[in-house]
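What follows is a single structure, written as structure tokens, with notes after it.
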Amino acid sequence: MPVSKILMFVIAVTVMPHAFTQTTEHTVKNKHHFSTHFAYYYFYDPTPITQLSYLNEQHSSSSSVGLSYMQKVDDKNGWSVDLDYYNFVSRKPSNEETRGNTLQRLFFLVQGNYQRILFTTPKGSIVGTIGLNCRVGDDLILISHSPSGTIPLDRSFLDLGIPVGIEAMRYLGNHFHLKMRLSHTFFPYIFQGPQEGYVWDKGSPRNMTQLSFGLGVNF
């Protein structure tokens, strides 16, 4: 379950540092950080953050997996690059879906960030971020039902956004870290807006909030 994953991450942040060698000022001086992460998404539309499959009662979520690389320029500034793969499939019975619901959504998200280090100690740091990203993919939105099944609207993503966020990092010894980031993206440019003839369609979601959890190395 998604809640259990969050609890495991919180426990790891609290307990795992004691299993590693003591952090030192060397950790703060590490300029390179590479990590893998898992992120939850909210689009301010009917797409649920979590859902329970009617087929096998397994939980799934509106989430992605990704990689991140960050480099410090000096004690206060840095930059980072993120790559995420997002894949959502609705687990509701088709006859329970309503018009405007997301049946499937898949995209890649490429993001570059300027990072401002707000607070740092040998045990961790807090960083503010702002950047640019590009969302490429598509989704299927339910238009209506027919005797043969559902009738979807296929919508393409080729969107440009401005993400703003805050990130907390906890060092595990001198060469590992855990991190958590909360960010929000507004997309001033979307490739596919509201479709003509569908007054209920608002087009590709212009707002997107992410909560991510990562594990990485410092060097």
> Based on what the data block shows, is residue 155 in a strand (DSSP E or B), over 21 Å from residue 119 (Cα atoms) and of a type in the set (Lys, Arg)?
Replying inline: yes
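Residue-wise test of (1) at pLDDT below 90; (2) surrounded by fewer than 17 Cβ atoms within 10 Å (Cβ to Cβ); (3) not acidic (Asp, Glu).
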site: 23; (1), (2), (3): yes, no, yes
site: 38; (1), (2), (3): no, no, yes
site: 41; (1), (2), (3): no, no, yes
site: 55; (1), (2), (3): yes, yes, yes
> In segment 74-84, what residues are exposed (fewer than 14 other Cβ atoms within 10 Å of the Cβ) and either closer than 27 Å to residue 48 by Cα or touching a residue at least 12 places away in the same chain (Cβ under 8 Å) (or both)?
Replying inline: 75, 76, 77
>> I'd like the residue in segment 79-116 that is part of a strand (DSSP E or B) and charged (D, E, K, R) and, out of all such residues, is nearest to residue 130 (Cα to Cα).
In response: 116
>> I'd like the residue in segment 181-214 that is out of contact with any strand residue (DSSP E or B) (no Cβ under 9 Å at 6 or more places or on another chain) and free of Cβ contacts under 8 Å to residues at least 60 places away in the same chain and, out of all such residues, is nearest to residue 67 (Cα to Cα).
In response: 193
>> Restricting to segment 100-120, count the residues that are out of contact with any Leu (no Cβ under 6 Å at 6 or more places or on another chain) and under 15 Å from residue 142 (Cα atoms).
In response: 3
> Identify, please: which residue in segment 154-178 is of a type in the set (Asp, Glu) and modelled with pLDDT of 95 or more and is, among those, farthest from residue 190 (Cα to Cα)?
Replying inline: 167
> What residue, among those in segment 192-218 that are part of a loop (DSSP other than H, G, I, E, B) and modelled with pLDDT of 90 or more, is farthest from residue 43 (Cα to Cα)?
Replying inline: 206
> Can we say residue 178 is crowded, with 18+ Cβ neighbours inside 10 Å, touching a residue at least 24 places away in the same chain (Cβ under 8 Å) and closer than 24 Å to residue 86 by Cα?
Replying inline: yes
> Which ones in segment 88-116 are polar (S, T, N, Q) and surrounded by fewer than 14 Cβ atoms within 10 Å (Cβ to Cβ)?
Replying inline: 94, 95, 98
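The values are calculated or read from the model by the stated rules, or taken from the named source; none is laboratory data. Since we're looking at a predicted model, the values are computed, not measured. We place every Cβ from the backbone using ideal geometry, glycine too, and count neighbours over all the protein chains shown.
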